[in-house]
1. Given charges of +1 on the Cβ of Lys and Arg and -1 on the Cβ of Asp and Glu, with all other atoms neutral, how large is the dipole of the chain about its Cα centre, in debye to the nearest 20?
2. Specify the residue with the greatest mean-square fluctuation among Lys19, Lys70, Lys48, computed from a Gaussian network of the chain linking alpha-carbon atoms under 10 Å apart.
3. For Val25, which sequence-distant residues (separation of 5 or more, or a different chain) have an amide H within less than 5 Å of its own amide H, given hydrogens modelled in the peptide plane?
4. Could I have the simple spin-label model distance between Ile100 and Ser47, label points 7 Å from Cα toward Cβ, reported in nm to one decimal?
5. With all protein chains present, calculate the accessible area of Leu77 using a 1.4 Å probe and round the result to the nearest 10 Å².
6. Keeping all protein chains in position, work out how much accessible area Leu24 exposes to a 1.4 Å probe, and write it in Å² to the nearest 10.
7. Which of these values of P(r) over Cα pairs in 5 Å bins from 0, in percent was calculated from the structure shown: [x] 2, 10, 15, 18, 19, 19, 11, 4, 2, 0, 0; [y] 2, 8, 9, 11, 15, 16, 14, 12, 8, 4, 2, 0; [z] 2, 10, 19, 22, 17, 12, 9, 7, 3, 0, 0?
8. With charges set only on the Cβ (+1 for Lys and Arg, -1 for Asp and Glu), what does the dipole of segment 27-85 come to about its Cα centre, in debye to the nearest 20?
Amino acid sequence: MINYKKVQKKSPIESVDGKWYIQLVHGEQTELGDLAAHMASHNSPFSKGVINGVLTDMVACIKELLLDGKTVKLADLAIFSLGVRCTGAVTRDEATVDNIRGFVFNARGTGALTPMEVQREAHLKELREYSKE
């Protein structure tokens, strides 16, 4: 079940200001060790420690592959890639790596986690109480 709340946006953009939107509310954050324990509880022949070690190595390897200019696809999860934020240049010659303001990490859902699949399977529930923001 995915919780949501209704929020009214305040924005200098007239077409957005004052309108109501649905915002997902996330629960607790699951860390890598928690994920390993969860996986081990699904009748796995592998212990939490073994799974945690494999996942830790997977994260390091994904980083290594991304820094080598590759994309990494984990079926039914996501395609991971790196991107950059940069300022535009007027001419081709002025477009240099000095224009890069930072890197971004991209994850595009694939297979069972495409936006269409998630929309089909997601169950939403409005929170009864809203915290003051």
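1. Details: 17 positive and 17 negative charges, 85 e Å.
Roughly 400 debye, rounded to the nearest 20.
2. It is Lys19.
3. Asn3, Tyr4, Lys5
4. My value for the distance between the label points is 4.2 nm.
5. Counting only protein heavy atoms, Leu77 exposes about 70 Å² to solvent.
6. 80
7. [y]
8. Working: 5 positive and 7 negative charges, 40 e Å.
So the magnitude is around 200 debye.
The values are calculated or read from the model by the stated rules, or taken from the named source; none is laboratory data. Note that the coordinates shown come from a computational prediction; the quantities given were computed from them, not determined experimentally. Here the Cβ is made from the backbone with ideal geometry for all residues, glycine too, and neighbour counts use every protein chain on show. For the accessible areas, the whole protein counts, side chains as well, though only heavy atoms, and no ligand, DNA or RNA atoms are used. Shrake-Rupley method; radii C 1.70, N 1.55, O 1.52, S 1.80 Å.
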